[in-house]
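Please read the structure below before turning to the comments.
The values are calculated or read from the model by the stated rules, or taken from the named source; none is laboratory data. Nothing here was measured: the structure is a model prediction, and the numbers come from that model. No Cβ is skipped: glycine too gets one built from the backbone with ideal geometry, and neighbour counts run over all protein chains shown. Side chains included, ligands, DNA and RNA excluded: accessible areas come from the protein's heavy atoms. Shrake-Rupley method; radii C 1.70, N 1.55, O 1.52, S 1.80 Å.
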Amino acid sequence: MNLRVLAAAMIMAASAAGGDGPVAVKTSFRCLWWSEQQMNGLDPDNPPEKGTEMELRKWEYSDPVGVPHPDVVDVTLEMTNIGARKAVLVETSVRWRIGPVDESRDAVWSAWAPLGKAEVGAVDFGEGRKVRVPVDLAAKMQALAPLRRWPFALEVQYNVREAGRMRLLAAGTALLPIHAGD
């Protein structure tokens, strides 16, 4: 079973177990990068503005241009209300799998830390909303560099709650592998 299918299954199971809800949630990691056309003949010392949104399945620095490795990644939650009208609050937390720069096998998970909250407002039956929460990968890498450590994965946990009542409508996690490249 590939990671994407497993992640989708985990999200659906977590949403179903989340309680009184129902809010369907699809998660992804998204970023801005250069289009294929912009990459043809791109000067890495004087690049054009990144303007093409794309989904990341992993972060990898193996090619200075062709493989996306943005400084900031947006965790995107696309929610659809499949129950009664409700106001929705989204809470996100993050943890990192950190280890020695050259040895991913020795990496361990950090504790969960709050990432953000977003109040979505009233959502009618069948209506969708998108919440984006930025994660600064470059800042994490810079903080770890003097310690000769590397973040080998980023995991985001989310809880979708009914605002006011705080009833859990959906919950799940999304994982982004991070590779140092060559």
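Computed quantities for the displayed model
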{"quantity": "Pair list, Cβ under 9 Å, 6 or more apart: segment 142-165 residue within 19 Å of Ala118 (Cβ to Cβ) and modelled with pLDDT under 95, other residue among the basic types (Lys, Arg) and open to solvent by 20 Å² or more (accessible area, probe 1.4 Å)", "calculated": "Arg161/Arg167"}
{"quantity": "Residue check, Val133 part of a strand (DSSP E or B), buried (at least 17 other Cβ atoms within 10 Å of the Cβ) and under 14 Å from the mean Cα position of the chain (by Cα)", "calculated": "yes"}
{"quantity": "Which numbered condition Arg57 misses (of (1) in contact with a Leu (Cβ under 7 Å, 6 or more places away or on another chain); (2) closer than 18 Å to Ser28 by Cβ)", "calculated": "(1)"}
{"quantity": "1 or more residues touching a Cys at 6+ places or on another chain (Cβ under 7 Å) and either open to solvent by 20 Å² or more (accessible area, probe 1.4 Å) or under 30 Å from Arg161 (Cα atoms) (or both): qualifying strands (runs of 3 or more DSSP E) within segment 15-119", "calculated": "52-56, 72-81"}
